[in-house]
Amino acid sequence: MVVLAASICTKGGKPIVSRQFRDMSRARIESLLASFPKLIPTGTQHTSVETTDVRYVYQPLEDLYIILITNKASNILQDIDTLHLFARVVSDLCRSAEQREIVKNEFELLFAFDEIVSLGYREPVNLMQVRNVLEMESHEEKIQEIIARNKEAEAKEELKRRAKQLEMQRREQQRRAAAGAPSGGGYLGGGISGYSSVPQRDYTAPTPVRTSSPAPSSLRAPAFKGSGMKLGSKRTQQSALLDALGGEALLSEDMSAPGTPALSHTPEPAHPAVPKSDRGSLPAVEAESVHVIVKEFINLELMREGGLTNLELRGDMNLQISDTDLARLKLTLAPAPASYGPELQFKQHPNVAKFAANRDRVVALKDPSRSFPVGQPLAVLKWRYSGKDETYVPLSINCWPTPSNDGTCDVNIEYELEAEHVALHDVVISIPLPDGSYPTVSSHSGEWALNPSSHSLDWSIPLINAEERSGSLEFSVGGDDAGVFFPVRISFVGEGSIAGVHLASVARIDNGEAVTYSEDATVVVENYTVV
């Protein structure tokens, strides 16, 4: 078969996208396409039509036509099969068969056409292979990027170590300079550094001065070119490391451009450490005059074959009132979930009344005449569950490594949300990898990245809720030991209460009037592993 051109045109014969695989002028292809609508027979279901020179093999695409122009000696069956592949590629690359969408993706379509037909002859490819070629993903390129990132991380660590060493030396120089400054000229003179003595100046404070003494000279060594200065040679290695990192400024200002030091100066970090918030990407809750904070901590260990080693859930409820008029109130909890039952143990504040049997769970003071504290949080309720019932697991993880005969291992891992009343944010599932091996991910939901510090694959899912409750990841990696991929560690920040503890209403004690309140319920992971 010889395919002369592949085109997408309107029903009037106006070309939208056309790719010629043989030497044809633009005027020639426009003429062939313009005459095509006149050749289509009416009242027939044939998808090909011939002229004295060429054959048209076509297929309707809503208001358009996709056409293969071939010579008359071409195999019609192969032409129809090729046409179907062209149509599937167009449907795969374009969301709809509209002219605007075709023009938007015209370059991708032309690249795909070139992968299907080369110099007029059909290539032995299918839709998946064409898609992979267009994505242009290279396993070797990924490996090289990983190696480059690892080298960069090592260079950064080495640079930090050198910077720390230089800082220690600078402090020692300052200490020696402070001890030697009042004694006048240095005991070695200026012969070591090769510079003549500079007259000393009077100072009101014992700060280091630029004299011929060895301590100040060595302190200012990075500013000179003397070959005898050891500190200067280390500065050169430091500059080489900076060049290797592309000029990234990792040193503090004192080390990159040393100035005149002061004795009382203590270097401080350029960016002080900020404590990481345990809320993650949870949306902020605007606090009302009555604000309730529910916080739970989960400690869980699953077994890879199924079952549960241990599950511990701890929670507390804090009440914060900012209006003195609302200090006398009661909190009514929602009905207890049937899953936990009596195994979920509650403990009230000593001033808070116990729950009455067979009645609504109410949090109120024992003495109705008293008021809750205003302006400060009060832990009014705590609860705890400890057991081995797998039905209480909020997120189930199934990791299934399968060793192959070629020395590799195919790993399938999936998750499913069991507690649909809780939304999990910033979920990270970390799977250890064999030493020296890097994975090839074939399919995944969410995002994945390699963690060089722990040599593990970190699978990140921004949100897991009742609408998007499950997902999977598949990859292959060198190694045949299935035990290497454990323990799998999971971290997330939950929105809601796993135990189902939340408010149903808040009302005044005196008149029973409903009170507007806000509630912030979160779940924090202390330990969540699959062993």
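Scanning region 447-489 for residues that are among the aliphatic types (A, V, I, L, M) and under 24 Å from E152 (Cβ atoms) yields A449, L450, L457, V477. Every condition in (1) touching a Phe, Trp or Tyr at 6+ places or on another chain (Cβ under 9 Å); (2) surrounded by 12 or more Cβ atoms within 10 Å (Cβ to Cβ); (3) among the aliphatic types (A, V, I, L, M) holds for L119 except the one numbered (2).
Among the residues that make up region 382-392, is at least one of them part of a loop (DSSP other than H, G, I, E, B) and either at pLDDT below 90 or among the aromatic types (F, W, Y) (or both)? Yes - at least one qualifying residue is present in region 382-392. With respect to (1) closer than 20 Å to P401 by Cβ; (2) in contact with an Asp or Glu (Cβ under 6 Å, 6 or more places away or on another chain); (3) in a loop (DSSP other than H, G, I, E, B), the lone exception for S442 is condition (3).
Considered as a group, the residues in region 397-407 that are of a type outside the set (G, A, S) and open to solvent by less than 40 Å² (accessible area, probe 1.4 Å) include one that is farthest from A334 (Cα to Cα), and that residue is P401. When the residues of region 311-337 are filtered to those that are open to solvent by 20 Å² or more (accessible area, probe 1.4 Å) and among the β-branched types (V, I, T), the one that is modelled with the lowest pLDDT is T324.
In region 69-91, the qualifying residues are those that are part of a helix (DSSP H, G or I) and hydroxyl-bearing (S, T, Y), and the one that is surrounded by the fewest Cβ atoms within 10 Å (Cβ to Cβ) is S91. Filtering P275, P350 for residues that are open to solvent by 50 Å² or more (accessible area, probe 1.4 Å), more than 30 Å from Q174 (Cβ to Cβ) and at pLDDT 90 or above leaves a single hit, P350.
In region 44-66, what count of residues is obtained for those that are in contact (Cβ under 8 Å) with a residue 12 or more places away in the chain, open to solvent by 40 Å² or more (accessible area, probe 1.4 Å) and in a strand (DSSP E or B)? Total meeting the criteria: 3. For region 151-170, the tally of residues that are over 24 Å from D435 (Cβ atoms) and surrounded by 14 or more Cβ atoms within 10 Å (Cβ to Cβ) stands at 7.
Within region 136-150, if we keep just the residues that are open to solvent by 100 Å² or more (accessible area, probe 1.4 Å) and in a helix (DSSP H, G or I), the residue that is farthest from S437 (Cα to Cα) turns out to be R149. When you go through V411, V484 one by one, which is the residue that is part of a strand (DSSP E or B) and either in contact with an Asp or Glu (Cβ under 8 Å, 6 or more places away or on another chain) or open to solvent by 40 Å² or more (accessible area, probe 1.4 Å) (or both)? Answer to the check: V411. Among the residues making up region 341-381, a single one is small (G, A, S) and assigned to a helix (DSSP H, G or I): G341. Is it the case that region 12-32 has a residue that's touching a Phe, Trp or Tyr at 6+ places or on another chain (Cβ under 8 Å), in a strand (DSSP E or B), among the aliphatic types (A, V, I, L, M) and open to solvent by less than 20 Å² (accessible area, probe 1.4 Å)? No, that holds for no residue. Could you grab me the full set of residues in region 276-313 that are among the small types (G, A, S), out of contact with any His (no Cβ under 9 Å at 6 or more places or on another chain) and either farther than 18 Å from P394 by Cα or free of Cβ contacts under 8 Å to residues at least 40 places away in the same chain (or both)? Once the filter is applied, which keeps residues that are among the small types (G, A, S), out of contact with any His (no Cβ under 9 Å at 6 or more places or on another chain) and either farther than 18 Å from P394 by Cα or free of Cβ contacts under 8 Å to residues at least 40 places away in the same chain (or both), region 276-313 yields S277, A284, A287, S289. If you go through region 497-526 and keep only what is under 30 Å from W400 (Cα atoms) and either basic (K, R) or part of a loop (DSSP other than H, G, I, E, B) (or both), you end up with S497, I498, A499.
Residues in region 428-449 that are among the small types (G, A, S), over 22 Å from M128 (Cα atoms) and open to solvent by 30 Å² or more (accessible area, probe 1.4 Å): G436, A449.
The values are calculated or read from the model by the stated rules, or taken from the named source; none is laboratory data. Worth saying up front: this structure is predicted, and the values here are computed from it rather than measured. In this analysis, Cβ positions are derived from the backbone assuming ideal geometry, glycine residues included, and neighbour counts consider all displayed protein chains. Heads up: the accessible areas ignore ligands, DNA and RNA and are worked out on the full protein's heavy atoms, side chains in. Shrake-Rupley method; radii C 1.70, N 1.55, O 1.52, S 1.80 Å.
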